[in-house]
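S.K.: Take this structure, written in C-alpha cells, and hold onto it; I'll ask about it next.
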Amino acid sequence: MSERHETRAEDLRPASSQPLRFRLWTAVLRADPVVRGIQVVKRRERLLTVIQAGLGLAWMALFLLAPLVYILSLSFWQRGAGGTIVYEATMANYREILLQNVDLLGWQIGNTYLLILWQSLKFGFLTTVVTLALGYVPGYFLGRTESRYRSLLLLFVVLPFWVPLIIRYYAWILVLGNDGLLTTVLGWIGVASNGYLYNDVAVVTGLVQVLLPFMILPIYNTVNKIDDEYIESAKTMGASPLRAFYEVTLPLSLPGISAGSILVFILAVGSFMAPALLGGPANMMVANLISQTFGQAFDWPLASAMAMVYLVVLFAIITVFNRFVGLEEVFDQ
C-alpha cells in the first residue's frame, strides 16, 4: 500500500542520523492500521459534515418550508360554517382579495385588502426614507471616526434592542397621548393639542424609532471598510471635502444604504404592533388585517390567501430591487 508523503528535511537525512524517537514515531504513523484509521476518521468527518448540513436543511424544511406549503394549500380551500375548513380547491379567496370592488379602468378601488396592502407599502416607504435621512449621518460618523469612544457610541445604537418592543411602543403612547409629554410641552408655549396618536405620523414615528438601528449599522459597516487612500487621492487631485464625499464616499457606501433600506422596508411593511398601538382603524396594516381574519373572523383560508399575496408582492419588490442594485453586492458587505 503506497502513500504519498510530503518530503521534509528530516527524511533526506540517513536513517542512522535521525533520532530514535523520530524514527519510531514515523514508523507508527506509516503503519497500515494507523493509516487506515486516519482514513476512517477523514471519511467520518465528511460524513459528519453531510449530517450537519442535512440537519440544517431538515430544520429549514420543517419550520420554514412546511408551514409555507401548508399556508399555500390552505389558501385554496374555503371557510365552512362556524369557522370549519372545507377541503375543496377553489380560487374564490384570491378573487375576493384581488378582484372584488376593483375598477382598474376608472381607477376606483374599494377592495379593503388592496387598500390596506397599499397603505402598508406606503408606511414602509416613508419609514425607509425617514430612517435613511436620520441614520446616514450617525452611520457615517461611526464608520469614519477614530475616537476611543466609538465602541460606547455603538453600544448606544444597539441599546434599544435590550428593551422589549412593546415597551418602546407604549413609551410613545406616553409621549404622544392626550396628556403626554409632547402635548404638555406644547401647552407650556401656548400650543393647544389633543394629542398626536392614532394617525399616520404616530405610526411612522414609532416605526422609525424602532427600526433606526437597522439603517445605522449597515451604513456604519460599509463606511468603516472604505479605504482612506481613496478619499485622500480625491483630495490630492483637487477635490474639495464635499466633492470627495459625493464622488467617492457616498457611492462606496451605497451597499450599506441598500442593505439598511431593504431591511427597514421589509420590517416596516410587516409591522403589527406599531399600527395596533399607535394607529387607529384607518391606519391598519396588512399584518393586522391578516391577524383579524385569522383570529376574529376564523377565516383561515382567506387569511392564508392574504398572506400569500403579501409574500408575492414583497418578493416582486425585492426582485426589482435586485435588478437595479444587486443583492449579492449588498450582502457581501
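The values are calculated or read from the model by the stated rules, or taken from the named source; none is laboratory data. Just so we're clear, the structure is a prediction, and the values are computed from it rather than from any experiment. Counting neighbours? That spans all protein chains shown, and the Cβs are built from the backbone with ideal geometry, glycine included. Only protein heavy atoms, including side chains, enter the accessible area calculation; ligands, DNA and RNA are left aside. Shrake-Rupley method; radii C 1.70, N 1.55, O 1.52, S 1.80 Å.
S.K.: Restricting to the range 62-86, what's the tally of residues that are under 23 Å from the mean Cα position of the chain (by Cα) and farther than 16 Å from Tyr310 by Cα?
M.R.: Qualifying residue count for the region: 5.
S.K.: Scanning the range 316-333 for residues that are open to solvent by 60 Å² or more (accessible area, probe 1.4 Å) and over 21 Å from Leu68 (Cβ atoms), which turns out modelled with the lowest pLDDT?
M.R.: It comes out as Gln333.
S.K.: Consider the range 221-235. How many of its residues are closer than 17 Å to Tyr140 by Cα and in contact with a Pro (Cβ under 8 Å, 6 or more places away or on another chain)?
M.R.: 1
S.K.: So which residues in the range 297-315 are in a helix (DSSP H, G or I) and open to solvent by 60 Å² or more (accessible area, probe 1.4 Å)?
M.R.: We begin by selecting, within the range 297-315, every residue in a helix (DSSP H, G or I); these are 300-315.
Once the filter is applied, which keeps residues that are in a helix (DSSP H, G or I) and open to solvent by 60 Å² or more (accessible area, probe 1.4 Å), the range 297-315 yields Trp300, Leu311, Val312, Phe315.
S.K.: Going residue by residue through the range 164-171, is there one that turns out to be among the basic types (Lys, Arg) and either surrounded by 14 or more Cβ atoms within 10 Å (Cβ to Cβ) or within 20 Å of the chain's Cα centre (by Cα) (or both)?
M.R.: Checking the range 164-171: at least one residue is among the basic types (Lys, Arg) and either surrounded by 14 or more Cβ atoms within 10 Å (Cβ to Cβ) or within 20 Å of the chain's Cα centre (by Cα) (or both).
S.K.: Determine whether Leu263 is open to solvent by 20 Å² or more (accessible area, probe 1.4 Å), free of Cβ contacts under 8 Å to residues at least 12 places away in the same chain and within 27 Å of the chain's Cα centre (by Cα).
M.R.: Working: open to solvent by 20 Å² or more (accessible area, probe 1.4 Å): yes; free of Cβ contacts under 8 Å to residues at least 12 places away in the same chain: no; within 27 Å of the chain's Cα centre (by Cα): yes.
Against the criterion (open to solvent by 20 Å² or more (accessible area, probe 1.4 Å), free of Cβ contacts under 8 Å to residues at least 12 places away in the same chain and within 27 Å of the chain's Cα centre (by Cα)), Leu263 does not qualify.
S.K.: Also: Across the range 127-152, what is the total count of residues that are open to solvent by less than 70 Å² (accessible area, probe 1.4 Å) and either within 17 Å of Val210 (Cα to Cα) or within 18 Å of the chain's Cα centre (by Cα) (or both)?
M.R.: The total comes to 9.
S.K.: Considering Leu55, Leu12, Leu47, which residue is of a type in the set (A, V, I, L, M, F, W, C), modelled with pLDDT of 80 or more and more than 30 Å from Ala303 (Cα to Cα)?
M.R.: After applying the criteria, what remains is Leu55.
S.K.: Show the residue pairs meeting these rules: Cβ distance below 7 Å; 6+ apart or different chains; first residue within the range 162-179 and farther than 18 Å from Tyr198 by Cβ; second residue open to solvent by 40 Å² or more (accessible area, probe 1.4 Å) and aliphatic (A, V, I, L, M).
M.R.: Matching pairs, first to second residue: Leu165/Met273.
S.K.: On to the next question. Is at least one residue of the range 321-333 touching a residue at least 40 places away in the same chain (Cβ under 8 Å), under 30 Å from Leu99 (Cα atoms), part of a helix (DSSP H, G or I) and under 15 Å from the mean Cα position of the chain (by Cα)?
M.R.: yes
S.K.: Still on this structure, please answer the following. Looking only at residues in the range 266-296 that are part of a helix (DSSP H, G or I) and small (Gly, Ala, Ser), which one is surrounded by the most Cβ atoms within 10 Å (Cβ to Cβ)?
M.R.: Ala274
S.K.: For the range 176-226, which residues satisfy the criterion of being part of a loop (DSSP other than H, G, I, E, B), open to solvent by less than 70 Å² (accessible area, probe 1.4 Å) and either over 25 Å from Glu247 (Cβ atoms) or charged (D, E, K, R) (or both)?
M.R.: Listed by number, the residues that qualify are Gly177, Gly180, Gly190, Val191, Ser193, Gly195, Leu197, Asn199.
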